[in-house]
Structures are given as structure tokens and as C-alpha cells.
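*Asks:* My structure is below; once you've seen it, I'll send some questions.
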Amino acid sequence: KSIFISQNDADSYLLQVHLQLLLANEQAEHGQSPLPTLQQAHGAAVRARDVNAKSSMIYLRLGQIALAGAEWLLSHRKPADKEIIDGQSSIDEALALNPKLALALATRGSLYLLAARSAAPGLQRRLLAEHAVLAIKQALTLSPMLARQYDGRLSEAVQMSASLTAAERLLLGTVERPKRPAGGEAAGELQRGKVGSGAQEGKVPTGSPGK
């Protein structure tokens with residue numbers, strides 16, 4: 001009803017996104033695909049962005065939608081490069097608008113952790129995990145109340161990155177993550193309703209995950 005009454009109110013769309021994310025989480029917990037619900041949430045978030053492109057919360061929600069989709073895909077042994085890429089891009093936008101948005105940092109760390117899980121064993125995986133550690137630690141510093149939700153992910157990321165040497169840690173600014181193919185022709189599961197072939201790899205922006 002709120003959406004029908006306030007079609008030009010970004011907060012109304014954000015409320016719809018929030019409710020759809022809750023539903024998608026419940027569906028995933030019961031073994032049902034959350035992807036159709038996440039598609040609806042993505043559409044509502046895009047409409048919110050069209051109304052107010054300067055809201056960090058809108059980009060945070062877009063990142064959370066991508067994260068939820070990537071988690072489901074990877075748990076079913078399907079590629080999720082596109083979802084991880086789009087999620088990181090949305091979180092970059094959120095943090096550009098609000099660098100101290102703790103949930104955005106936590107989501108960034110979670111996306112790095114998913115990338116680490118799907119990477120082949122070796123230096124690349126360890127570096128991605130270290131990025132996850134740094135981002136989640138920043139989030140917990142800003143908002144300790146998030147610890148209950150993210151301590152498990154932090155512990156996993158710490159374990160995955162534990163074998164990094166001092167020299168390898170210097171490479172954190174050049175760690176790679178998947179990059180969308182030129183022309184943007186590869187669409188993700190949330191947008192096209194089917195699984196793609198995976199994306200190429202490119203460079204992560206230099207600097208720490210908190211920037």
C-alpha cells in the first residue's frame with residue numbers, strides 16, 4: 001500500500017527491499033531458491049535509486065541483494081562472479097557516500113570472503129581473505145553490535161588468510177577479483193534468470209578495503 005501511495009518516495013521502495021530480503025533469507029533457509037524474490041528486491045532498489053541516487057542505503061541494499069544471490073549460487077556450485085562484481089560496485093558507491101557505513105563494510109568483507117571461497121587454493125585466495133578480514137574488522141570497530149552476525153565470517157577469513165607472509169601482505173593493493181567482460185554482455189543470475197559462464201579476472205582497486 002505504501003508503494004502504491006508513494007511511488008516517488010525512495011524510503012517506500014527501501015522498505016519493500018528490506019521485506020523482500022527477509023523473505024529471500026527465509027526461503028534460502030528452507031531450501032527454496034531466493035532468486036525470484038531477489039530479482040523483485042533488485043527492481044525495487046533500482047526504482048529507489050532512480051528517485052534518490054544520493055542515498056547510501058540504496059547502494060547498500062543493492063550490495064546485500066547481490067551478496068544473497070552470490071551465496072545461494074555458490075552454495076549450489078554455480079558461478080557467481082557477476083553477483084560478486086555487482087555487489088562490490090554497489091558497496092563502493094555506498095561507501096563513497098558514507099565511508100563510515102558499518103553494514104556496507106561488513107557486506108564488502110562478506111563479498112571478499114565469497115570470492116576467496118570460490119578462488120583456487122593459493123596466494124589469490126589468501127589475499128582475498130585478508131581483504132575480508134580488514135573490511136569486517138573495520139565494520140565491527142564502527143559498530144560492535146554487528147559482531148554476533150559477522151564473527152563467524154571473520155573467523156573463517158582469518159583462518160583462510162593466516163598463512164600470508166609479510167611480503168605477501170604487501171600485495172594487498174594488487175589482489176585480483178573477477179571483472180565484467182567488455183561490453184557488459186554477461187548478465188548475472190539475478191538479471192537473466194539463468195547461470196552464466198563466469199567472468200574474466202581483473203584488478204581490485206588499490207588501497208585498503210575501507211577506502
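*Asks:* Taking the Cα centre of each part, how many Å lie between the stretch 42-92 and the stretch 139-154?
*Replies:* 20
*Asks:* Hey, another quick one. Convert each backbone phi in the stretch 146-163 into a coupling constant with the Karplus relation 6.51 cos²θ - 1.76 cosθ + 1.60 (shift: θ = phi - 60°), then list the ³J(HN,Hα) values in order as whole Hz, x for Gly and Pro.
*Replies:* So the J values, rounded to whole Hz, are 7, 4, 4, 7, 10, 4, x, 5, 4, 4, 4, 5, 4, 5, 5, 9, 4, 8.
*Asks:* Taking the solvent-accessible surface of protein heavy atoms with a 1.4 Å probe, what is the per residue accessible area of the stretch 36-171 in Å²?
*Replies:* That works out to 44 Å² per residue.
*Asks:* Then there is this: Keeping every protein chain in place, order SER75, SER161 by accessible area at 1.4 Å, biggest value first, i.e. largest first.
*Replies:* The residues order as SER75, SER161, largest area first.
*Asks:* P(r) for the stretch 20-88, please, calculated from all Cα pair distances in 10 Å bins and given in %.
*Replies:* Spelled out bin by bin, the stretch 20-88 gives 22, 52, 22, 3 percent.
*Asks:* How high is the relative contact order of the stretch 63-141, in percent, with contacts defined as C-alpha pairs under 8 Å that are six or more residues apart?
*Replies:* In percent, rounded to a whole number, it is 29.
The values are calculated or read from the model by the stated rules, or taken from the named source; none is laboratory data. What you see is a predicted model; the values in this text were computed from it and never measured. Areas reflect the complete protein model, heavy atoms only, side chains present, ligands, DNA and RNA absent. Shrake-Rupley method; radii C 1.70, N 1.55, O 1.52, S 1.80 Å.
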